[in-house]
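Trainee: So that we are looking at the same thing, I have put the structure below in structure tokens.
The values are calculated or read from the model by the stated rules, or taken from the named source; none is laboratory data. Since we're looking at a predicted model, the values are computed, not measured. Cβ sites come from the backbone with ideal geometry, for glycine too, and all protein chains shown count toward neighbours.
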Amino acid sequence: MYIVGMIVIGLLVGLVAKLILPGRDPGGVLVTALLGIAGSVLAHFLGTRLGWYDEQEPAGFLAAVGGAVLLLLLYRLLFRQRA
């Protein structure tokens, strides 16, 4: 049940990140969910290193969205198509 919950929350986080940064990105629902999950992992990693979270404490929703937005920006910088 934990994995299903993580996928659903990841999908929500990914959707919010894509709403904040609209544009043409490849991928559908699966990529959006993976973006949200990776954003949450990034937020948890950075939050524990900065002292915001304990090791066993999950990242907050807004921090996860921030992590997903950061990853989406990084993706767009690295893989933008040359015109």
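Trainee: If GLY47 passes every condition in (1) surrounded by fewer than 19 Cβ atoms within 10 Å (Cβ to Cβ); (2) among the small types (Gly, Ala, Ser); (3) assigned to a helix (DSSP H, G or I) but one, which one does it miss?
Mentor: (1)
Trainee: Let me ask you something else. Within the range 21-52, work out how many residues are within 12 Å of GLY67 (Cα to Cα) and among the β-branched types (Val, Ile, Thr).
Mentor: Of the residues in that region, 2 qualify.
Trainee: Taking the options VAL4, VAL29, VAL41, name whichever one is in contact (Cβ under 8 Å) with a residue 24 or more places away in the chain and among the hydrophobic types (A, V, I, L, M, F, W, C).
Mentor: Working: VAL4 fails: in contact (Cβ under 8 Å) with a residue 24 or more places away in the chain; VAL29 fails: in contact (Cβ under 8 Å) with a residue 24 or more places away in the chain.
Going through VAL4, VAL29, VAL41 in turn, just one is in contact (Cβ under 8 Å) with a residue 24 or more places away in the chain and among the hydrophobic types (A, V, I, L, M, F, W, C): VAL41.
Trainee: Report yes if some residue within the range 5-24 is touching a helix residue (DSSP H, G or I) at 6+ places or on another chain (Cβ under 9 Å) and outside any helix (DSSP H, G or I); otherwise report no.
Mentor: Among the residues of the range 5-24, at least one is touching a helix residue (DSSP H, G or I) at 6+ places or on another chain (Cβ under 9 Å) and outside any helix (DSSP H, G or I), which makes the answer yes.
Trainee: Inside the range 47-83, can you point out the residues that are farther than 19 Å from ILE9 by Cα, at pLDDT 85 or above and touching a helix residue (DSSP H, G or I) at 6+ places or on another chain (Cβ under 7 Å)?
Mentor: Result: no residue meets the conditions.
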